[in-house]
Amino acid sequence: MSSRVALVTGGTRGIGAAIAWALKQAGHRVAVNFAGNQAAAKKFTEQTEIPAYSWDVGDFDACAAGVQQVEADLGPIEILINNAGITRDGFLHKMTPEQWAAVLITNLNSCFNMSRQVIEGMRARSYGRIINIASINGQKGQVGQTNYGAAKAGVIGFTKALALESASKGITVNAIAPGYINTEMVAAVQPEVLQKVIAAIPAGRLGMAEELAHAVLFLVDDRAAFVNGETLSINGGQYMA
């Protein structure tokens, strides 16, 4: 595998951190983005020696400035992992416009905001790997997550369209749709609720962030150049698209 410059958004904790670390271990030059948790970012960088940059992925101009800084420090970005995301759960009949907008902006708009910054360079160099982290709940839906489900379903549609646009330029664009992964957010769920979640997973357990990271390594490999526009479901058999 050739050494490339990779950027992972939402990369200092959970799935993003596992992806960033796997990419570094594979020999890539990696940077991560984070929103505002300075303590977590500092700890992550101390443990991994991966530089962390703070900006709002929902802000187009902030993304432009952030990418410019990363490229000044590391070189042109050849691998982009759009992982940043939030939840603002609630039934639609009680959901506020702010809850709706926050999730769509951070989870979906960010894919445009970030990909737009790197796609011209990738096209000029005739090489690029973009991986968008979707969700099982963007495939099958979930109660209380009309905003999240819409955003993650949009990520899948975005992935397919950009893959079609970019394939002739040596760029692949794929999505990964995780099921329930053993992260801090999932671990904070009430034990009785978590047991019900696990009971619905045929594998009988939560997924590991490292398992998603392994899939990312496959998709960014030069030998995966014929895999394009796909959504790879990693959910223990819970939902088979």
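The values are calculated or read from the model by the stated rules, or taken from the named source; none is laboratory data. None of these values were measured; they are calculated from a predicted model. Ideal geometry is used to build each Cβ from the backbone, glycine not excepted, and the neighbour counts take in all protein chains shown.
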Check segment 113-128 and report whether any residue there is outside any helix (DSSP H, G or I), modelled with pLDDT of 95 or more and surrounded by 19 or more Cβ atoms within 10 Å (Cβ to Cβ).
-> yes
Residue satisfying all of: in segment 1-19; hydrophobic (A, V, I, L, M, F, W, C) and assigned to a helix (DSSP H, G or I); nearest to Pro51 (Cα to Cα) among these = Ala17
State the number of residues belonging to segment 218-229 that are surrounded by 17 or more Cβ atoms within 10 Å (Cβ to Cβ) and of a type outside the set (Val, Ile, Thr).
-> 3
Taking segment 145-178 and keeping residues more than 15 Å from Leu219 (Cβ to Cβ) and of a type in the set (Ser, Thr, Tyr) leaves Thr146, Tyr148, Ser168
Just one of Val227, Val216, Val173, Val155 is part of a loop (DSSP other than H, G, I, E, B), closer than 30 Å to Gly27 by Cβ, among the hydrophobic types (A, V, I, L, M, F, W, C) and in contact with a helix residue (DSSP H, G or I) (Cβ under 9 Å, 6 or more places away or on another chain); which is it?
-> Val227
Index of the failed condition, Ser166 passing every other in (1) out of contact with any Ser or Thr (no Cβ under 8 Å at 6 or more places or on another chain); (2) hydroxyl-bearing (Ser, Thr, Tyr); (3) farther than 26 Å from Asp89 by Cα = (1)
Determine, yes or no, whether Ile77 is touching a residue at least 40 places away in the same chain (Cβ under 8 Å), in contact with a Gly (Cβ under 9 Å, 6 or more places away or on another chain), closer than 16 Å to Asn33 by Cα and part of a strand (DSSP E or B).
-> no
Selection count where residues are within 18 Å of Asn137 (Cβ to Cβ), surrounded by fewer than 23 Cβ atoms within 10 Å (Cβ to Cβ) and of a type in the set (Val, Ile, Thr), scope segment 76-104 = 2
Please enumerate the residues belonging to segment 187-241 that are at positive phi and under 16 Å from the mean Cα position of the chain (by Cα).
-> Gly229
When segment 94-117 is examined, which residues are found to be closer than 13 Å to Thr146 by Cβ and of a type in the set (D, E, K, R)?
-> Lys94
The condition of being closer than 23 Å to Leu219 by Cα and of a type in the set (A, V, I, L, M, F, W, C) holds, among Ala22, Ala65, only for Ala22
